[in-house]
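The values are calculated or read from the model by the stated rules, or taken from the named source; none is laboratory data. Just so it is clear, the structure is predicted and the values come from calculations on it, not from any experiment. Because the Cβ atoms are built from the backbone with ideal geometry, glycine has one as well, and the counts that use them run over all protein chains shown. Ligands, DNA and RNA are stripped out before the accessible areas are found, and what is left, the full protein with its side chains, is counted by its heavy atoms. Shrake-Rupley method; radii C 1.70, N 1.55, O 1.52, S 1.80 Å.
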Amino acid sequence: MQKTWSFKLTPFRKLLIALAGIAVVVALARFIFGLGAVTNLNDEWPWGLWIGFDLLCGIALAGGGFSTAFIVHVLHKEKYLPIARAALLTSLIGYIIALVSLLLDIGRWTNCWRPFFYWGYHSVLFEVFWCISLYTTVQVLEFGDIFFERIKIAPLKNILSKAMTPLLILGIVLPSLHQSSLGSLYIVTVDRLNPLWWSMIIPFFFVWSAFFLGPAMVTIEGTLAARAYNRKPELPVFESLTKVTMWMLIVYLIVKIIDLNYRGVYSMAFNGSFESNMFLVEMILFVLVPIIMYAIPSIRKQLWGVVTASALVVIGVIFNRMNVVFTGMAKSVGGSYFPSIWEWLITIGMWSILVLAYLFVVENFPILAKEHEQETAVSSGESISTGTSVKA
Amino acid sequence: MSKSVLVDITRCIGCRSCMVACKTWNDLPAGKSEFTNNWDAPGKVDADNWTVVNSFLIEQGDQVKWRFVKRQCMHCNEPACESACFTHSFVKTKEGAVIYKPTELNQDYCVGCRYCMIACPFGVPSFQWDKALPFVQKCRFCYDRVKEGMQPACVTACPTGTLTYGEKDKLLAEARQRINSNPNYIKQVYGEKEYGGTSWLYISDVPFEQIGFKTNVSTKSIPSYTWDVLKWTPYIFVGWGAILTALHFYTKRRAEVHHEEEMYEAVNTIEDNKDE
């Protein structure tokens, strides 16, 4: 166990710190002068980049946390243990960033604590707000277990260890609920959101895609982390995760087709409009192509193959959320919106902070699996980390 | 008890007295206007203009007609904004008005999330974008006047009888009587069924879709759509939680014990070890 804290400053990290600094200044300006001074939001487009990208996509991308928790801690598929902590960490930072974005986005930010006391329980946002707040707390506690491995405070560590099972269960139920209710938010846009995306089962599409996004996101993160730290990517783990994603993608595609048929809007997907083309790109490039790539062993067993397919899945979910927030709404709300330079700077700064926080924690806390065990486990072929190989 | 306003499009001459009355009574700041080719200015309601009169040039055969349409909050029977607000900052009063509690009742819980603006099917709630701590703004059905037995300001200002204020069921009967006794009217009372019905009702002699109304919309209220999904939340919470707990303990028996503390390592520690 190392004694000191350290954070090496490379030029890339200095750039990230600068971007984060700019974002902090812009954020201060936004709090003082208001939303109109900083953003291009308007009455037609009350929600823009921060809600559409930072919140909806950020939370979806953090889906790696709950899908990995489900696979590792509920199904006890122990071979995925090496990636569990990294997934939890990314998810935790993702949620904190989303909460900060939300604070920036709400107009009357001085009232941000009020929803805890004044309940509009008939609102979808009520469910989203409570689940995200509680789940972030749960993740902080889950992370506390790791934190106290590094900062040795035995009594706290013991309490947390005992509470871990209920926390894990809550840590899957809460995100399942709010990932779906982020979709339910758009049920109110009936007659306005393009029927290719509006559906009474949009909550299913949101939670399902957040779940299958998880393994893909873990693959991308794992590869990036491996490259950054000169480690071996956990290719066997990635490859075996593709089965989860592939079957879930297939179910997603089938349910989508049934849903379109049931509502009688199937033909709208092929009417040549801008919306229909965007929808087809979403379905073919970001759902069908990854399914095919995952299905072919010679592609998914290669690092480039599994990473490319996973990248398509990740971009696909972002693309889907953008279609719901912007493409599908544009025709009915009219007006125009393109994020201002300040909105971009805040978003870029937020994601820079995410990367910096990830790097710092990974370098100073026990997050990534010990490497030598990996090699022995992989060479032994069967399960990657049986109890004995961990002890070895 | 629930009050209503009937708008008869055939009677409106586009004088905009209602707009002026609204601004005066509600103390809304005047905006500087410019000469423009757009005779429809200002076009859409916003934070300082709670009602606007839109102009439409309608061609019917060889006839050309001007039609003027006063727009404002429709005051839904089951308001989308009320159900969407997670701090319950909107309320439908027994008089029929849908009001915003922070400014109207001095109950400032609104966080400014603007979900009401996404939820409203008529695009009514507007935001004070230029303020540091903005409020949501919209027509309040002159709640202060109506409560005291007076008519809304716009109704008192209308010189042509376009606007009629009264009990909702009486006005609905009046609207039906007018459209049935005169063949020129479109046989529809807009606001009777749209999104579960609204307190403001419109009748017209030109098709509603030609004068800026969305037609063929759902007759189900928006809150009922949301509730159809939201009502499952407690069952999913308990059911999914139970399934996960059962799975967790079922699979745990077969799993081997791990010493997680031995499995993971900080990157810097690894590098330190390599250096040694």
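For this structure, a couple of remarks:
- Boolean, B:C110 is modelled with pLDDT of 95 or more, under 30 Å from A:M329 (Cβ atoms) and buried (at least 19 other Cβ atoms within 10 Å of the Cβ): no
- Put simply, of B:G96, B:G149, B:G161, B:G123 the only residue that is on the phi > 0 side of the Ramachandran plot, under 12 Å from the mean Cα position of the chain (by Cα) and either at pLDDT below 95 or open to solvent by 40 Å² or more (accessible area, probe 1.4 Å) (or both) is B:G123.
- Scanning region A:179-197 for residues that are more than 10 Å from every other protein chain (Cβ to nearest Cβ) and under 22 Å from the mean Cα position of the chain (by Cα), we see that the one that is farthest from A:F53 (Cα to Cα) is A:W197.
- Complete set of residues in region A:99-142 that are of a type in the set (G, A, S), at the interface with another protein chain (Cβ under 9 Å from one of its Cβ atoms) and either in contact (Cβ under 8 Å) with a residue 60 or more places away in the chain or closer than 17 Å to A:G64 by Cα (or both): A:G107
- A:G21 buried (at least 23 other Cβ atoms within 10 Å of the Cβ) and more than 12 Å from chain B (Cβ to nearest Cβ): no
- Candidates in region B:38-93 are the residues that are of a type in the set (F, W, Y) and open to solvent by less than 20 Å² (accessible area, probe 1.4 Å); of these, the one that is modelled with the lowest pLDDT is B:F86.
- Scanning region B:147-205 for residues being over 22 Å from B:V53 (Cα atoms) and aliphatic (A, V, I, L, M) gives a total of 4.
- Here the condition is being in contact with a helix residue (DSSP H, G or I) (Cβ under 8 Å, 6 or more places away or on another chain) and either more than 14 Å from chain B (Cβ to nearest Cβ) or of a type in the set (G, A, S) (or both); of A:I96, A:I51, A:I71, it holds for A:I96 alone.
- Scanning region B:169-212 for residues that are over 22 Å from B:S2 (Cβ atoms) and open to solvent by less than 60 Å² (accessible area, probe 1.4 Å) returns B:N182, B:Y185, B:I186, B:S204, B:D205, B:V206, B:P207, B:F208, B:I211, B:G212.
- Counted residues, region A:145-174 - those being assigned to a helix (DSSP H, G or I) and more than 11 Å from chain B (Cβ to nearest Cβ): 10
- Scope region B:109-129; condition touching a Phe, Trp or Tyr at 6+ places or on another chain (Cβ under 9 Å), farther than 25 Å from A:V190 by Cβ and facing another protein chain (nearest Cβ under 7 Å); matching residues: B:Y109
- Residue in region B:208-225 that is within 21 Å of B:W50 (Cβ to Cβ), modelled with pLDDT of 95 or more and not basic (K, R) present: no
- Helices (runs of 4 or more DSSP H) (entirely within region A:229-316) containing at least 1 residues that are hydroxyl-bearing (S, T, Y) and free of Cβ contacts under 8 Å to residues at least 12 places away in the same chain: A:235-262, A:297-300
- Any pair with Cβ under 7 angstrom, 6 or more apart, that starts in region A:188-199 at a residue that is without any contact (Cβ under 8 Å) to a residue 60 or more places away in the chain and ends at one that is open to solvent by 10 Å² or more (accessible area, probe 1.4 Å) and in a loop (DSSP other than H, G, I, E, B): A:V190/A:W198; A:V190/B:S218
- Some residue of region A:67-83 being under 27 Å from A:V188 (Cα atoms), of a type outside the set (G, A, S) and open to solvent by 30 Å² or more (accessible area, probe 1.4 Å): no
- The single condition among (1) open to solvent by less than 20 Å² (accessible area, probe 1.4 Å); (2) in contact with a Gly (Cβ under 9 Å, 6 or more places away or on another chain); (3) closer than 30 Å to B:Q137 by Cα; (4) not hydrophobic (A, V, I, L, M, F, W, C) that A:D54 does not meet is (2).
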